[in-house]
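Below is one structure, written out as structure tokens, with a few remarks after it.
The values are calculated or read from the model by the stated rules, or taken from the named source; none is laboratory data. A quick note: this is a predicted structure, and the numbers were derived from the prediction, not measured. For neighbour counting, all protein chains shown are included, and Cβ atoms are generated from backbone atoms with ideal geometry for every residue, glycine included.
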Amino acid sequence: MSGKRHSENFRPGRVPGHSDGRLYSPTFERNHQPVIAALLARLGTEPGAALEIGSGVGQHIQAFARALPHLRWQPSEPDPIHRNSIDAWSAFFGNNLPAAIALDASREFGTEIAQLAPLRLIFSMNVIHIAPYGVASSIITTAAHRLAPGGWLGFYGPFTEGGLHTGEGNANFDAGLRADNPAWGVRDVDELAALAIAAGLSQAELDVMPANNRILWFQQPA
């Protein structure tokens, strides 16, 4: 299974689009600036490679690449409609962002990204709650093997903390996800931290984001 919902859930017309293939994220305007601020706070201006797991329609990684041009950004996305949108956004801006790759995050994927390593950043937005738990595990395992010393792994989305939801909206969202697919669901910070620590990454750090979301960070020891 890929790391996100099957492409039938992203049929053309489900989200607003443009004739050149660009699709639009309904959350982009709300959250891209806070996410960029969090990325800059962690990564500064040191150069390196950055991989996004599940780049969606491509608006976010375009904004990241413009705000942090010292990083070499690589988009990835299992859904072909979204890969087309990512590449269409690159053409629209006329940048040199590489073509999106069809990365399968349901298993350890270090071999597929070996040419990118060592990575300063692996970042994933709104993926691990709409995927089986093994996707989060494989991303953590891969990060432990492919991050540079001092590199960061970041997960953006809703989380439970100590087994408790951070708001009623997240609790209702979680219930809906599990009704759609019992393998999906909002993940717990402590459970992910246990996986990361066992893999050799740092303790968890959290940044508060809009709409009761968080960025959950882990770091490769320097």
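Structure data summary
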quantity: Residue that is surrounded by the most Cβ atoms within 10 Å (Cβ to Cβ), among those in region 70-109 that are farther than 26 Å from G44 by Cα and in contact with a Phe, Trp or Tyr (Cβ under 7 Å, 6 or more places away or on another chain); calculated: D79
quantity: Within region 60-173, strands (runs of 3 or more DSSP E) holding 3 or more residues that are within 21 Å of V35 (Cα to Cα), out of contact with any Pro (no Cβ under 8 Å at 6 or more places or on another chain) and in contact (Cβ under 8 Å) with a residue 24 or more places away in the chain; calculated: 119-125, 147-157, 159-161
quantity: Among (1) surrounded by fewer than 19 Cβ atoms within 10 Å (Cβ to Cβ); (2) within 19 Å of N126 (Cβ to Cβ); (3) modelled with pLDDT of 95 or more - the single one T27 does not satisfy; calculated: (3)
quantity: Answer residue from region 121-139, given it is within 14 Å of P78 (Cα to Cα) and among the β-branched types (V, I, T) and is surrounded by the most Cβ atoms within 10 Å (Cβ to Cβ) among those; calculated: I128
quantity: Criterion (surrounded by fewer than 16 Cβ atoms within 10 Å (Cβ to Cβ), touching a strand residue (DSSP E or B) at 6+ places or on another chain (Cβ under 6 Å) and at negative phi) met by exactly one of A183, A222, A194, A148; calculated: A222
quantity: Looking only at region 42-67, and only at residues there that are among the small types (G, A, S) and out of contact with any strand residue (DSSP E or B) (no Cβ under 8 Å at 6 or more places or on another chain), the one that is farthest from P221 (Cα to Cα); calculated: A63
quantity: Meets criteria (small (G, A, S), closer than 15 Å to Y156 by Cβ and out of contact with any helix residue (DSSP H, G or I) (no Cβ under 6 Å at 6 or more places or on another chain)) for A41; calculated: yes
quantity: Matching residues, region 174-206, being touching a residue at least 24 places away in the same chain (Cβ under 8 Å), assigned to a loop (DSSP other than H, G, I, E, B) and among the small types (G, A, S); calculated: A183, G185, G200
quantity: Selection from region 14-46 of residues that are more than 21 Å from E205 (Cβ to Cβ) and in a loop (DSSP other than H, G, I, E, B); calculated: R14, V15, P16, H18, S19, D20, G21, R22, Y24, S25, P26, T27
quantity: Neighbours by Cβ (under 9 Å, 6+ apart or cross-chain): first from region 22-48, over 14 Å from Q59 (Cα atoms); second of a type in the set (K, R) and crowded, with 16+ Cβ neighbours inside 10 Å; calculated: L43/R120; E46/R120; P47/R72; P47/R120; G48/R72; G48/R120
quantity: Scope region 171-222; condition at pLDDT 95 or above, more than 19 Å from the chain's Cα centre (by Cα) and under 20 Å from A41 (Cβ atoms); matching residues; calculated: P221
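Quick grid of which residues meet (1) touching a helix residue (DSSP H, G or I) at 6+ places or on another chain (Cβ under 8 Å); (2) more than 11 Å from Q62 (Cα to Cα); (3) at pLDDT 95 or above:
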{"residue": "F93", "(1), (2), (3)": "yes, no, no"}
{"residue": "R107", "(1), (2), (3)": "yes, yes, no"}
{"residue": "A114", "(1), (2), (3)": "yes, yes, no"}
{"residue": "P118", "(1), (2), (3)": "yes, yes, yes"}
{"residue": "I122", "(1), (2), (3)": "yes, yes, yes"}
